[in-house]
1. May I ask you to list the residues in region 41-56 that are over 20 Å from P67 (Cβ atoms) and among the small types (G, A, S)?
2. Looking only at strands (runs of 3 or more DSSP E) that lie completely in region 85-132, which have at least 2 residues being modelled with pLDDT under 80 and touching a Gly at 6+ places or on another chain (Cβ under 8 Å)?
3. In region 38-68, which residues are surrounded by 12 or more Cβ atoms within 10 Å (Cβ to Cβ) and of a type in the set (A, V, I, L, M)?
4. Which numbered condition in (1) at positive phi; (2) in contact (Cβ under 8 Å) with a residue 60 or more places away in the chain is the only one that A14 fails?
5. Restricting attention to region 19-31, does a residue exist that is surrounded by 13 or more Cβ atoms within 10 Å (Cβ to Cβ), at pLDDT below 90 and of a type outside the set (S, T, Y)?
6. Looking at (1) closer than 17 Å to A105 by Cα; (2) among the hydroxyl-bearing types (S, T, Y); (3) touching a residue at least 40 places away in the same chain (Cβ under 8 Å), find the lone condition where T38 falls short.
7. Hey, can you tell me all the residues within region 64-78 that are assigned to a helix (DSSP H, G or I) and more than 12 Å from G42 (Cα to Cα)?
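The values are calculated or read from the model by the stated rules, or taken from the named source; none is laboratory data. These numbers were taken from a predicted model, which means no experiment stands behind them. All Cβ positions, even for glycine, are placed from backbone atoms using ideal geometry, and neighbour counts span all protein chains on display.
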Amino acid sequence: MRFPLLLFIVIPIAEIMLLLKVSQYIGAWTTVGLVLLTAVIGVNLLKRQGLSTLSRFQQRLQSGQIPAQEMVEGMMIAFAGALLLTPGFITDTIGFTCLFPPVRARIARRILSSGQGFVGMGSFTSQAGFRQQNNPFDDGETIDGEFRNETDPKPSIDERDGD
């Protein structure tokens, strides 16, 4: 948990320092133009790569295969999009790297071959199924039941059938 928090602090500081350094060499407006240019190029690449991945996803589904590679690549493309829309050269570099198909495919294969991934607050592994982590409401006991809102005077469907 500390590592992502550290990244949210360190990366913006590094981005600001790099933007200031670049603006000293090429000028402030040129730096702003360069940041906008990388965002425009990134959005166009993002659209192209996203459509390509979606097409492969649909082809795999139609052939009866599980499109796991395409799903992971799709998540990487979304991550790249967020990075490319964030102003800065470090995030743009990471974002463009994630949009480069051979690099993205290799990272996706590595994620899939590890057999592990993360979804929300839970995690999943290929051997152990799904397990919830850090759930403050999970005391290990599940109670199955029904409830009825006593403040609502309208009878339930079951009560009307009896009349």
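1. Initial filter on region 41-56 (over 20 Å from P67 (Cβ atoms)): 41-45.
If the condition is that a residue be over 20 Å from P67 (Cβ atoms) and among the small types (G, A, S), then G42 is the only one that fits.
2. Values: elements: 116-119, 122-125, 129-132.
Result: 122-125, 129-132.
3. Listed by number, the residues that qualify are A39, I41, V43, L45, L46, L54, L61, A68.
4. Only one criterion is unmet by A14, namely (1).
5. For region 19-31, residues surrounded by 13 or more Cβ atoms within 10 Å (Cβ to Cβ), at pLDDT below 90 and of a type outside the set (S, T, Y): absent.
6. (1)
7. Here is the first cut: in region 64-78, the ones assigned to a helix (DSSP H, G or I) are 68-78.
Answer for region 64-78, where residues must be assigned to a helix (DSSP H, G or I) and more than 12 Å from G42 (Cα to Cα): A68, Q69, E70, M71, V72, E73, G74, M75, M76.
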